[in-house]
Amino acid sequence: MNRCDALRKALPDAYIVVHRPENIRWLTGYTGEGCVFVSPKRQVIITDFRYIEAASRQSPQCEIERTQAERTEANVLKALCDSERVEKLYVETDYLTFDAVTGLSKVLQGVSLLPLNQAPQTLRLIKDSSEVESMKKAAAISCQALSNILDRIRPGLTEKQVQIMLDYEMLSLGSEGNAFDTIAASGPNGSLPHAVPSDYVIQKGELLTLDFGATVDGYCADMTRTLAIGKVSDDLSTLYHRVLKAQTMALDALGPGKVCGDIDKIARDYLDGYYPGAFGHSLGHGVGLFIHEQPRLAKGSATVLQPGNVVTVEPGVYIPGLGGCRIEDMTIITEDGYIDPVTFPKELIEL
């Protein structure tokens, strides 16, 4: 894999160092620690002894420079900059700490450090066919994992126990690891959008929200389903079906050329008509090698969707004392609409 040429095209004649792991993997295929130096003519992975062999296997198109105690990463970068007479070096000031940038500046005397301004993330906005296939596989694993544990979810289990079952099932089906920490939130915890699974014992008559995703080739899936534990009250049933209606309305509006903020507004206006202020987060976000990427389906966003964007559509309502509900699909924007690889049913399932 070598997408460094795409970065060179975006920043002609620039000298760049990339530290963010997702950007390094996207550019070179390398998954270890360190950084990548990209110049107009070469790309160099800088890492330590632990990753030298892995880097050579994963990224044969890259040169590899090994750091040691007396030859730090900054020293290697200085040697590379000196050899190419670099005067300006673009760095990920949005990722590195202040101390790291300051330390690099001290070593690279005479080299001006400039912000890279998320240039690799901008390139990553549009997924190619191989990226889309990996994300479809991750979504399929996620859906199958929930299907496999459905008949084991019952009153008396804790949120943590359901989380563990779901995580184990995804790994068993081939996931490389969780795309993010799985959320399992039941009853009163359902009103917490990012609840942490606890020892709370799931009860009959509650809604259980599960937000989770597998990874394949480093690419994430993201989906949420809310299940009924037995028969739920009319209030909770109505809540569920209104959230589902909001998602359906947003999905119907999704496609290339559509403005992200307009899609958010469709779902938000509908839910605010019934539950004012209870839908407090954005409608969706981009997904890829990182679980939260651009573009965002967010209030006021003027971003226009393009083929190859991957965005979630996840309206939710959260009411303290009653509970909450979120329904989420991860969608892939195409030339004439979108693909939804999240195939798990969305009708209210009573367990």
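Details
- Only helical runs count toward this figure. For the chain, summing -39,500 (n - 2.57) over DSSP H runs of n ≥ 4 and dividing by all residues gives -10000 deg cm²/dmol at 222 nm.
- Shape class of the stretch 1-85 from the alpha-carbon gyration tensor: oblate, with a/c at 1.5 or above and b/c at least as large as a/b.
- Were the residues from TYR168 through ALA54 laid out at 0.36 nm apart, the gain over their Cα-Cα distance would be 38.4 nm.
- Tilt relative to the chain, helix 129-149 - C-alpha long axis, 0 to 90 degrees, to 10: 40
- Peptides 33-44, 2-13, 207-218, 318-329 ranked from most to least packed, by the mean per-residue count of other Cβ atoms within 10 Å: 207-218, 318-329, 33-44, 2-13.
- Its alpha carbons considered, the chain gives a radius of gyration followed by a Dmax of 22.8, 71 Å.
- Computed from Cα positions, the angle between helix 159-172 and the longest principal axis of the chain comes to roughly 60 degrees.
- Note on ARG66 and LYS9: with the Förster distance fixed at 30 Å, the Cβ-Cβ geometry gives a FRET efficiency of about 0.55.
- The alpha-carbon atoms of the stretch 278-351 define a convex hull whose volume equals 121 cubic angstrom per residue.
- For the chain, built as a Gaussian network whose Cα springs stay under 10 Å, the top-fluctuating residue of ALA185, ALA79, ALA195: ALA79
- Here is the list for the stretch 165-231: trypsin sites (Lys or Arg not before Pro) lying in DSSP coil, each with at most 12 other C-beta atoms within 10 angstrom of its C-beta, are LYS231.
- C-alpha long axis of helix 234-252 to longest principal axis of the chain, angle in °: 40
Values in this text are rule-based calculations from the coordinates and carry no lab data. Keep in mind it's a predicted model, so treat the numbers as computed, not measured. We place every Cβ from the backbone using ideal geometry, glycine too, and count neighbours over all the protein chains shown.
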